[in-house]
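Written out below as structure tokens is the structure these notes cover.
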Protein chains: 2
Amino acid sequence: MIKAYAAFEPKGELKPFEYDPGELKAFEVEIDVDYCGICHSDLSVMDSEWGAMPYPVVAGHEVVGRIAKIGADVHHLKLGQNVGLGWHAGYCNACAACETGDQNLCDNAQATIMGHHGGFAEQVRAAANSVVPIPEGIDLASAGPLFCGGITVFNPLVQFDIKPTDKVAVIGIGGLGHLALQFLNAWGCEVTAFTSSETKKKEALEMGAHFTLNSRDADEIASAVKRFDFILSTVNVKLDWNLYLSTLNVKGRLHFVGATLEPLDIGVFSLIGGQRSVSGSPVGSPATMKQMLDFARQHQIKPVIEKFKFSDINQAIDHVRSGNAKYRVVLCRK
Amino acid sequence: MIKAYAAFEPKGELKPFEYDPGELKAFEVEIDVDYCGICHSDLSVMDSEWGAMPYPVVAGHEVVGRIAKIGADVHHLKLGQNVGLGWHAGYCNACAACETGDQNLCDNAQATIMGHHGGFAEQVRAAANSVVPIPEGIDLASAGPLFCGGITVFNPLVQFDIKPTDKVAVIGIGGLGHLALQFLNAWGCEVTAFTSSETKKKEALEMGAHFTLNSRDADEIASAVKRFDFILSTVNVKLDWNLYLSTLNVKGRLHFVGATLEPLDIGVFSLIGGQRSVSGSPVGSPATMKQMLDFARQHQIKPVIEKFKFSDINQAIDHVRSGNAKYRVVLCRK
């Protein structure tokens, strides 16, 4: 039996919950969870915001732990090895996306926390090829958020071939944005943070931004006309996207990793006139997660976290709900 | 004095008009116009649809002709040489776009028909570096539309690195779309035409489409889920863009060259889930126009045109306005 914390209804308090994971499949591993970040999408799933979930829901998909059991067909991991697990706990391994190394775009991927029990638990199971070894030199306590928030903002830099000579901006300096600033600074780019908070402005500059612009000041944004080659939006609210498009250089890209629910109402003239693109992407593949970990180690990039004990999970979740987390909350076994 | 046909008011009849072009500048050439295509954007400009124009307006920006005069500093063109002239009759030659070979994205480029007199005339002037020599083997009478309609649909294949293994689709089989089908077929792609017309369906298959889908049949479109790597929209009307997005494969791109006036109301989840892009682009650079001409000659691609005499320019324009042109109207000197 695996001991977990489960949600039993939307916005409900999490309660201890035990489940029998069954026999370990040949391609799986079981991980002893040491740390687990709390991501906004954990709340969205526990709250059935993205569609009705079958309860109980065991969320948690920013897992850091040690390999505890190894399936019969798994030969590249060993007991006790430090690993991470993110949004996906398995892939179909047969579709074109999987075949070409884009497992994160697999239509039949197994989400870690939907139809599967996640990392708010003592153990979690996952297909071995969705589990990423953590190299020496990465701080384990803060690594969890790299496996969802981190890879979500790192992956576009790889996918869209962002260049160190690019001028880039990040909209929203939170769990994702504070990591984007660090990655982009280390990538060599000139980095601007869009934020409306005076406190975050200061912190953004400390975390790698070279400039800040007030995201609520239309004049200030408009003054940055054609300045950016790449803008990464991590927010989930509607902004004046056409205003942001005007700050893109020719051939620039406005890229969404924040799941804004309202349609984008983009004017096509701005796209045509400057050969601009608007796009989005989800997490990243295991190979890109490995690149990210190497890059994070090389540049000493790590999530800024607040720690909670697993037994204080409800306080931890309330803190994430409050929007005041700086910048990511991590549950710790010890 | 240059003899031209000018519009004197929105939707007004064109009338003969003479103007003094002044002394030929050192970087310019003068072209004796032999042929000039009529593009929808000629109508938009003559009608002040994109902003109030100072009249008289001499439109015409799909010019084929012969070099008649050469400025003192121009050494790469010779008298009598066959050349084409498109949307731009000059560039600033100093901005980052110009410096990097993206002259078509120059903010200070000189439009051929805005603040400058175009090709509905016996002669037209242009900066020599906006004029493109036409190689032997290109049919001069039908070449005009390549310099605006043609380059507009050819350029994205170069800019976005469309691959012969890609599955592609074209929305709208008109002046631009019928050229897109030919280019994409020669590019090696599997080509689908979206069209609502039975006649155009047949013609689309003749011009290079391998498949057609009814652009007004939501079920038929929905059946093409995740089929395309690249969709090129040449229409200027609002369609159900999210439905079209659903026909994009992961990493697919919906690209606009048709100037739809209404915002795109794109759902961000579809972009994020499949790492999809939405983009736009205008015409192309002189270098890309040269590539296009070589490719057109190699693959015997040419615009399907209806010819009118210059003296019948008003009938020709009415025919374009009617939407019944197949597929492009060209004015002929002889």
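If we scan region B:221-233, do we find a residue that is without any contact (Cβ under 8 Å) to a residue 24 or more places away in the chain and polar (S, T, N, Q)?
Applying the first criterion (without any contact (Cβ under 8 Å) to a residue 24 or more places away in the chain) to region B:221-233 yields B:223, B:225.
Retained after the next criterion (residues that are polar (S, T, N, Q)): B:223.
Yes, the conditions are met somewhere in region B:221-233.
What number of residues within region A:91-117 are on the phi < 0 side of the Ramachandran plot, away from chain B (no Cβ under 14 Å) and not aliphatic (A, V, I, L, M)?
Narrowing region A:91-117 to residues on the phi < 0 side of the Ramachandran plot: A:91-92, A:94-100, A:102-114, A:116-117.
Adding the requirement that they be away from chain B (no Cβ under 14 Å) leaves A:94, A:110, A:112-113, A:116-117.
Applying the additional criterion that residues be not aliphatic (A, V, I, L, M) yields A:110, A:112, A:116-117.
Of the residues in that region, 4 qualify.
For region A:97-113, indicate whether the set of residues that are farther than 29 Å from B:LEU248 by Cβ and modelled with pLDDT of 95 or more is non-empty.
No, there is no match, as no residue in region A:97-113 is farther than 29 Å from B:LEU248 by Cβ and modelled with pLDDT of 95 or more.
In this structure, does B:LEU43 turn out to be within 20 Å of B:VAL257 (Cβ to Cβ), at pLDDT 95 or above and touching a Lys or Arg at 6+ places or on another chain (Cβ under 8 Å)?
Details: within 20 Å of B:VAL257 (Cβ to Cβ): yes; at pLDDT 95 or above: yes; touching a Lys or Arg at 6+ places or on another chain (Cβ under 8 Å): yes.
Yes: the conditions hold for B:LEU43.
From A:ALA325, A:ALA316, grab the single residue that is away from chain B (no Cβ under 14 Å), in contact with a Gly (Cβ under 8 Å, 6 or more places away or on another chain) and outside any strand (DSSP E or B). Even if it seems obvious, please write down each step before you answer.
Numbers: A:ALA316 fails: in contact with a Gly (Cβ under 8 Å, 6 or more places away or on another chain).
A:ALA325 is the lone residue from the list that is away from chain B (no Cβ under 14 Å), in contact with a Gly (Cβ under 8 Å, 6 or more places away or on another chain) and outside any strand (DSSP E or B).
When region A:61-89 is examined, which residues are found to be at negative phi and among the small types (Gly, Ala, Ser)?
Step one: of region A:61-89, the residues at negative phi are A:61-79, A:81-89.
Once the filter is applied, which keeps residues that are at negative phi and among the small types (Gly, Ala, Ser), region A:61-89 yields A:GLY65, A:ALA68, A:GLY71, A:ALA72, A:GLY84, A:GLY86, A:ALA89.
Between B:VAL268, B:VAL250, which is hydrophobic (A, V, I, L, M, F, W, C), without any contact (Cβ under 8 Å) to a residue 40 or more places away in the chain, at the interface with another protein chain (Cβ under 8 Å from one of its Cβ atoms) and surrounded by 22 or more Cβ atoms within 10 Å (Cβ to Cβ)?
Answer to the check: B:VAL268.
Those residues that are assigned to a loop (DSSP other than H, G, I, E, B) and within 18 Å of the chain's Cα centre (by Cα), I need them from region B:26-48; list them, please.
The one that is assigned to a loop (DSSP other than H, G, I, E, B) and within 18 Å of the chain's Cα centre (by Cα): B:CYS39.
Looking at A:ALA68, A:ALA72, which one is assigned to a loop (DSSP other than H, G, I, E, B), in contact with a Leu (Cβ under 9 Å, 6 or more places away or on another chain) and away from chain B (no Cβ under 14 Å)?
Working: A:ALA68 fails: assigned to a loop (DSSP other than H, G, I, E, B).
Only one candidate qualifies: A:ALA72.
Need pairs with beta-carbon distance below 9 Å; first residue over 18 Å from A:GLU122 (Cα atoms) and within region A:4-17, second among the polar types (S, T, N, Q); sequence gap 6+ or separate chains.
A:GLU9/A:SER48; A:PRO10/A:SER48; A:GLU13/A:ASN314
With (1) under 14 Å from B:VAL170 (Cβ atoms); (2) surrounded by fewer than 21 Cβ atoms within 10 Å (Cβ to Cβ) as the list, and B:LEU232 as the residue in question, which single condition is left unmet?
(2)
Residues that are polar (S, T, N, Q): which strands (runs of 3 or more DSSP E) entirely in region B:184-255 hold 2 or more of them? Steps first, answer last, please.
Details: elements: B:190-195, B:211-214, B:228-233.
Strands (runs of 3 or more DSSP E) meeting the threshold: B:190-195, B:211-214.
Can you tell me which residues in region A:271-302 are within 14 Å of chain B (Cβ to nearest Cβ) and either of a type in the set (Ser, Thr, Tyr) or more than 15 Å from the chain's Cα centre (by Cα) (or both)? Break it down into steps so the answer makes sense when it comes.
Step one: list which residues in region A:271-302 are within 14 Å of chain B (Cβ to nearest Cβ), which gives A:271-285, A:288.
Across region A:271-302, the qualifying residues are A:LEU271, A:ILE272, A:GLY273, A:GLY274, A:GLN275, A:ARG276, A:SER277, A:VAL278, A:SER279, A:SER281, A:SER285, A:THR288.
Condition check: of a type outside the set (D, E, K, R) and surrounded by fewer than 20 Cβ atoms within 10 Å (Cβ to Cβ). Does A:HIS76 satisfy that?
Numbers: of a type outside the set (D, E, K, R): yes; surrounded by fewer than 20 Cβ atoms within 10 Å (Cβ to Cβ): yes.
For A:HIS76, the condition - of a type outside the set (D, E, K, R) and surrounded by fewer than 20 Cβ atoms within 10 Å (Cβ to Cβ) - is met.
Which count do you get for residues in region A:182-200 that are surrounded by fewer than 23 Cβ atoms within 10 Å (Cβ to Cβ) and either of a type in the set (Asp, Glu) or at pLDDT 95 or above (or both)?
Selection size over region A:182-200: 6.
Quick one: in region A:90-113, which of the residues that are under 16 Å from the mean Cα position of the chain (by Cα) and part of a loop (DSSP other than H, G, I, E, B) is surrounded by the most Cβ atoms within 10 Å (Cβ to Cβ)?
So the first thing to find is which residues in region A:90-113 are under 16 Å from the mean Cα position of the chain (by Cα), and the list is A:103-105, A:111-113.
From what's left, part of a loop (DSSP other than H, G, I, E, B): A:112-113.
Numbers: A:THR112: 30, A:ILE113: 24.
Among those that are under 16 Å from the mean Cα position of the chain (by Cα) and part of a loop (DSSP other than H, G, I, E, B), it is A:THR112.
If I filter region A:283-303 for residues that are in a helix (DSSP H, G or I) and under 18 Å from A:HIS40 (Cβ atoms), do I get at least one hit?
Keep residues of region A:283-303 that are in a helix (DSSP H, G or I), which gives A:286-299.
This time we only want the ones that are under 18 Å from A:HIS40 (Cβ atoms), so: none.
No, region A:283-303 contains no residue that is in a helix (DSSP H, G or I) and under 18 Å from A:HIS40 (Cβ atoms).
Taking A:LEU239 as the residue in question, decide whether it is of a type outside the set (Gly, Ala, Ser) and either at the interface with another protein chain (Cβ under 8 Å from one of its Cβ atoms) or in contact with a Leu (Cβ under 9 Å, 6 or more places away or on another chain) (or both). Walk me through how you get there before you give the answer.
On the way: of a type outside the set (Gly, Ala, Ser): yes; either at the interface with another protein chain (Cβ under 8 Å from one of its Cβ atoms) or in contact with a Leu (Cβ under 9 Å, 6 or more places away or on another chain) (or both): no.
Answer is no for this residue.
If you scan region B:133-167, which residues turn out to be closer than 12 Å to B:GLU62 by Cβ and either not in a helix (DSSP H, G or I) or not aliphatic (A, V, I, L, M) (or both)?
Once the filter is applied, which keeps residues that are closer than 12 Å to B:GLU62 by Cβ and either not in a helix (DSSP H, G or I) or not aliphatic (A, V, I, L, M) (or both), region B:133-167 yields B:SER142, B:GLY144, B:PRO145, B:PHE147, B:CYS148, B:GLY149, B:GLY150, B:THR152.
Taking B:GLN81 as the residue in question, decide whether it is more than 23 Å from B:MET292 (Cβ to Cβ), surrounded by fewer than 24 Cβ atoms within 10 Å (Cβ to Cβ), among the polar types (S, T, N, Q) and more than 19 Å from the chain's Cα centre (by Cα). Talk me through it step by step, then tell me what you get.
Working: more than 23 Å from B:MET292 (Cβ to Cβ): no; surrounded by fewer than 24 Cβ atoms within 10 Å (Cβ to Cβ): yes; among the polar types (S, T, N, Q): yes; more than 19 Å from the chain's Cα centre (by Cα): yes.
Taking the combined requirement at face value, the residue does not satisfy it.
Can we say B:ALA143 is within 15 Å of the chain's Cα centre (by Cα) and either of a type in the set (A, V, I, L, M, F, W, C) or outside the structural domain of B:LYS202 (by TED's automatic domain parsing) (or both)?
Numbers: within 15 Å of the chain's Cα centre (by Cα): yes; either of a type in the set (A, V, I, L, M, F, W, C) or outside the structural domain of B:LYS202 (by TED's automatic domain parsing) (or both): yes.
Yes, satisfied.
Restricting the search to region A:222-239, which residues are modelled with pLDDT of 95 or more and under 30 Å from A:SER44 (Cβ atoms)?
Matches in region A:222-239: A:PHE228, A:PHE230, A:ILE231, A:LEU232, A:SER233, A:THR234.
Working only within region B:251-281, note down all residues that are modelled with pLDDT under 95, within 19 Å of B:ARG227 (Cβ to Cβ) and of a type in the set (Ser, Thr, Tyr).
Scanning region B:251-281 gives a single hit, B:SER270.
Which of the residues spanning region A:218-232 are in contact with a Phe, Trp or Tyr (Cβ under 7 Å, 6 or more places away or on another chain) and within 9 Å of another protein chain (Cβ to nearest Cβ)?
Residues satisfying the conditions do not exist here.
Residue by residue through region B:172-181, note down the ones that are at negative phi and surrounded by 24 or more Cβ atoms within 10 Å (Cβ to Cβ).
Going through region B:172-181, the residues at negative phi turn out to be B:173-181.
Of everything in region B:172-181, those that are at negative phi and surrounded by 24 or more Cβ atoms within 10 Å (Cβ to Cβ) turn out to be B:ILE173, B:GLY175, B:LEU176, B:GLY177, B:HIS178, B:LEU179, B:ALA180, B:LEU181.
The values are calculated or read from the model by the stated rules, or taken from the named source; none is laboratory data. If you're wondering where the values come from, they're calculated on a predicted model, not measured in any experiment. Here the Cβ is made from the backbone with ideal geometry for all residues, glycine too, and neighbour counts use every protein chain on show.
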